[in-house]
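Q: Got a structure for you, questions after.
The values are calculated or read from the model by the stated rules, or taken from the named source; none is laboratory data. Since the structure is predicted, the reported quantities are computational estimates derived from the model, not experimental observations. Counting neighbours? That spans all protein chains shown, and the Cβs are built from the backbone with ideal geometry, glycine included.
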Amino acid sequence: MSRFKDERERLGYGQSELAEKIDVTRRTMSRWENEEDAPIPSDKLFLCANLGFDVQFVITGKRQTAVEQVYTEDIIAKATKGMLFDASIIKILQIRSQDDYDLLIQLMMYNLKKASDAEAAAPASEKSLPKAAGAG
């Protein structure tokens, strides 16, 4: 069975249904599923990806290990504000003024930008959170 067929079946599409969605004939779909060397045009792979296909798996046989979620700065800022509020409520962070709060948001956004611009030298598994003040 081909990887293309594996993906189609994983997503619950019938051969005719998928052929219609990506604007190919059922015969073309059959060729992609039955012939190892049948090329699949990139525009059709793009359409399949939009339907949930793991295109990396179809092409290489290797599943994607993680889905990267991309957030806007506005969403990150809102999430950070929520985290800071929660941290102050459970008393692991003391925010004395709105200025402290705004400064922490700015620091978070600065560090997020810095981290996204830099290449990490070590794998994430080798990094750890800094110890809290007074922790030994």
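Q: Considering each residue of the stretch 10-66, count those that are at pLDDT below 90, part of a loop (DSSP other than H, G, I, E, B) and β-branched (V, I, T), and give that number.
A: Selection size over the stretch 10-66: 1.
Q: Check T80 against each of (1) in contact with a helix residue (DSSP H, G or I) (Cβ under 6 Å, 6 or more places away or on another chain); (2) of a type outside the set (K, R); (3) more than 30 Å from D102 (Cα to Cα) and name the one condition it does not meet.
A: Every listed condition holds for T80 apart from (3).
Q: Also: Restricting to the stretch 81-107, count the residues that are in a helix (DSSP H, G or I) and modelled with pLDDT of 80 or more. Walk me through it before giving the result.
A: From the stretch 81-107, those in a helix (DSSP H, G or I) are 81-89, 98-107; that's our starting set.
Subset that is modelled with pLDDT of 80 or more: 81-89, 98-100, 102-107.
Total satisfying the criteria: 18.
Q: Shifting gears a bit: Within the stretch 71-101, take every residue that is loosely packed, with under 12 Cβ neighbours inside 10 Å and of a type in the set (D, E) and give me the one that is nearest to the chain's Cα centre (by Cα). Don't jump to the end; show me each part of the working.
A: The first filter runs over the stretch 71-101 and keeps only residues loosely packed, with under 12 Cβ neighbours inside 10 Å, leaving 71-75, 82, 86, 89-92, 94, 96-99.
Remaining after also requiring of a type in the set (D, E): 73-74, 86, 99.
On the way: E73: 16, D74: 18, D86: 26, D99: 34 Å.
Selected residue: E73.
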